[in-house]
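Got a structure here, written out as structure tokens. Questions coming.
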Amino acid sequence: MSERRVLVVEDEQTIAESIATRLRAEGFSVELAGDGPAAVAAFTARPHDLVVLDIMLPGYDGLEVCRRLQAERAVPVLMLTARDAETDVLVGLAVGADDYLTKPFSMRELVARTHALLRRVDRAAELAALDAEPVGADRLTVDDVEISLAERRVRVDGDEVHLTRTEFDLLVCLASRPRAVLPRDRLLTAVWGWSDGSGSRTVDSHIKALRRKLGGDRIRTVHGVGYAWETSR
């Protein structure tokens with residue numbers, strides 16, 4: 001596999017250099033951008049496999065950068081934020097971020113999440129390559145929600161709903177087992193590829209984002225355990 005290229009967008013030089021040094025040690029090719037316009041220009045000029053994106057930036061903030069990058073072409077985005085407000089996280093997920101880390105964070109966790117995001121991209125590409133010879137059903141329907149696995153599209157009562165890569169994977173995981181309670185650690189393993197259970201708040205944030213897009217009554221919270229997809233069937 002060729003060297004993966006990561007764009008790190010961070011205006012604090014010390015943090016940017018620390019991230020770049022660690023990712024390069026992991027075998028990634030890293031490009032740095034210190035503000036929003038520079039990030040968009042770098043992304044437009046050459047392909048990147050993943051973007052590590054700070055939310056607080058000069059020029060355009062991270063949310064606007066994320067919107068512009070995803071409009072250019074789909075790319076996994078790991079968003080960094082010094083703010084832990086739920087609204088900031090949900091807005092970031094809504095504009096196309098796949099995951100987030102709240103500062104301060106460990107470089108070990110950043111590397112783990114970077115690898116997990118890229119594994120998910122590879123897995124989706126492998127599944128897409130099998131479309132010419134589909135195995136089993138490529139469409140999942142639960143009540144008025146129709147999920148096309150091959151096209152990675154979701155329709156609710158006939159109207160298409162845009163989901164991020166992570167939201168789609170999480171939805172498929174829940175909807176493929178209606179009413180079954182899926183623990184947070186199982187969702188983390190299935191969707192994010194984590195096995196240590198340290199990202200339960202990430203699951204909660206993505207569930208809230210899904211509820212905002214699909215309706216709050218479709219996913220049931222089982223306190224202290226996880227979530228279940230509700231159905232009238």
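May I ask you to derive the FRET efficiency for Val111 and Asp204 from their Cβ-Cβ distance with R0 = 25 Å, giving the value to the nearest 0.05?
FRET efficiency, Val111 to Asp204: 0.60.
How large is log10 of I(q)/I(0) for the range 23-103 at q = 0.21, 0.24, 0.26 Å⁻¹ when the intensity is taken from the Debye formula with one equal scatterer per alpha-carbon?
Here the Debye-derived log intensity ratios amount to -0.95, -1.21, -1.37.
Follow-up question, since we're still on this one. With just the Cα atoms defining each centre, how far is the range 162-188 from the range 45-109? Give it in Å.
22
Moving to a separate point now. When only C-alpha pairs under 8 Å and at least 6 residues apart count, what is the relative contact order of the chain, in percent?
14
Let me ask another. If the viscosity is 1.567 mPa s and the temperature 4 °C, what translational diffusion coefficient in µm²/s does Stokes-Einstein give for the chain when Rh comes from Kirkwood over Cα pairs?
Translational diffusion coefficient: 70 µm²/s.
Follow-up. What net charge is computed for the residues neighbouring Glu17, neighbours being all others with C-beta under 13 Å from the C-beta of Glu17, Lys and Arg scored +1, Asp and Glu -1?
-2
Another one. What are the ³J(HN,Hα) couplings of the range 216-224, residue after residue, when phi is run through the Karplus curve with 6.51, -1.76, 1.60 and θ = phi - 60°? Round to Hz, x for glycine and proline.
x, 8, 8, 10, 9, 8, 10, 4, x
Sticking with this structure for a sec: What FRET efficiency comes out for the pair Arg220/Thr87, r = Cβ-Cβ distance, R0 = 25 Å, nearest 0.05?
That pair, Arg220 with Thr87, gives E of 0.60.
Along the charge dipole of the chain, which of Ile19, Val181, Val111 sits closest to the positive end, that is, farthest toward it, with unit charges on the beta carbon of Lys, Arg, Asp and Glu (+1, +1, -1, -1)?
So the residue we want is Val181.
Which residues in the range 4-18 place their backbone N less than 13 Å from a point set 7 Å from the Cα of Lys103 along the Cα-to-Cβ direction?
In the range 4-18, the label zone of Lys103 (backbone N under 13 Å from the point 7 Å along Cα→Cβ) covers 9-18.
Kindly express, to the nearest 10 degrees and within the range 0 to 90, the angle between helix 36-45's C-alpha long axis and the longest C-alpha principal axis of the chain.
80
Output wanted: per-residue J couplings in Hz (rounded whole) for the range 159-168, from phi through Karplus 6.51 cos²θ - 1.76 cosθ + 1.60, θ = phi - 60°, x for Gly and Pro.
9, 6, 10, 7, 10, 6, 4, 5, 4, 4
For Tyr100, what residues show an amide H to amide H distance below 5 Å, using hydrogens built from the backbone and excluding near sequence neighbours?
Met79
Let me ask something additional. From the backbone phi of the range 50-57, what are the Karplus-calculated ³J(HN,Hα) couplings (6.51 cos²θ - 1.76 cosθ + 1.60, θ = phi - 60°) in whole Hz, Gly and Pro given as x?
The phi angles translate into 7, 10, 9, 10, 6, 7, 9, 9 Hz.
Starting from the Cα of Glu230, step 7 Å along the direction of its Cβ; do the same at Gln13; then give the gap between the two resulting points in nm.
The modelled label-to-label distance comes out at 5.4 nm.
Short version: what are the Cα gyration tensor semi-axes of the range 14-56, square root of 5 times each eigenvalue, largest first, in whole Å?
Equivalent-ellipsoid dimensions as semi-axes: 17, 14, 8 Å.
Since every read-out is calculated from the coordinates, none of them should be taken as a lab result. This structure is a prediction, so every number in the text was calculated from the model and none was measured. No Cβ is skipped: glycine too gets one built from the backbone with ideal geometry, and neighbour counts run over all protein chains shown.
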